[in-house]
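Contents: one structure, followed by commentary.
The values are calculated or read from the model by the stated rules, or taken from the named source; none is laboratory data. Computed from a predicted structure; not experimentally measured. Here the Cβ is made from the backbone with ideal geometry for all residues, glycine too, and neighbour counts use every protein chain on show.
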Amino acid sequence: QVQLAESGGGLVQAGGSLRLSCVASGRTFNRPAMGWLRQAPGKEREFVALISWSGASTMYADSVKGRFTISRDNAKNTVYLQMNSLKPEDTAVYYCAADSSIAAISVSRPGSWGQGTQVTVSS
């Protein structure tokens, strides 16, 4: 129901920062929660962060707490992921996600997801 387009990935040295953006289009009138998932080579897709439509509720994976910040601008139908103090283990393809249920995103089974943007952190 929702189309998602990620951008902002790239190559950065350990300790650096990146900001990912995701623009939602289509049936966004149902005020979906949005978030980010990631998948590293040889590993399963894992939950990274999510945010409710209003922004009142957020959730982060333990591995990124204190380093990543999720936010959204509903006027632009956009969600952001500010990533600071990046580590090599953060290297993965990052996917934007949307669903009417926060739980669906937290278990990496959103109703909609994007094509992904590559984040590579060198040591």
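Counting only residues that are of a type in the set (Lys, Arg) and surrounded by 16 or more Cβ atoms within 10 Å (Cβ to Cβ), how many does the range 2-39 have?
So in the range 2-39, the residues of a type in the set (Lys, Arg) come out as 19, 27, 31, 38.
Now restrict to residues that are surrounded by 16 or more Cβ atoms within 10 Å (Cβ to Cβ): 38.
Number of matching residues: 1.
Return the total of residues in the range 43-61 being closer than 13 Å to residue 32 by Cα, of a type in the set (A, V, I, L, M, F, W, C) and touching a Lys or Arg at 6+ places or on another chain (Cβ under 9 Å).
2
Tell me, which strands (runs of 3 or more DSSP E) wholly within the range 58-123 include 2 or more residues that are surrounded by 18 or more Cβ atoms within 10 Å (Cβ to Cβ) and modelled with pLDDT under 95?
Once the strands (runs of 3 or more DSSP E) in the range 58-123 are filtered for at least 2 residues that are surrounded by 18 or more Cβ atoms within 10 Å (Cβ to Cβ) and modelled with pLDDT under 95, what remains is 92-99.
Given the structure, is residue 19 more than 22 Å from residue 109 (Cβ to Cβ), of a type outside the set (S, T, N, Q) and under 12 Å from the mean Cα position of the chain (by Cα)?
For residue 19, the condition - more than 22 Å from residue 109 (Cβ to Cβ), of a type outside the set (S, T, N, Q) and under 12 Å from the mean Cα position of the chain (by Cα) - is met.
The conditions are (1) closer than 16 Å to residue 113 by Cα; (2) without any contact (Cβ under 8 Å) to a residue 24 or more places away in the chain; (3) of a type in the set (Gly, Ala, Ser), and residue 71 fails exactly one of them. Which is it?
Unmet condition: (1).
Filter the range 72-82 down to the residues that are within 26 Å of residue 12 (Cβ to Cβ), more than 10 Å from the chain's Cα centre (by Cα) and not charged (D, E, K, R) and list them by number.
78
Between 101, 123, which is closer than 22 Å to residue 11 by Cβ and over 13 Å from the mean Cα position of the chain (by Cα)?
Among 101, 123, only 123 is closer than 22 Å to residue 11 by Cβ and over 13 Å from the mean Cα position of the chain (by Cα).
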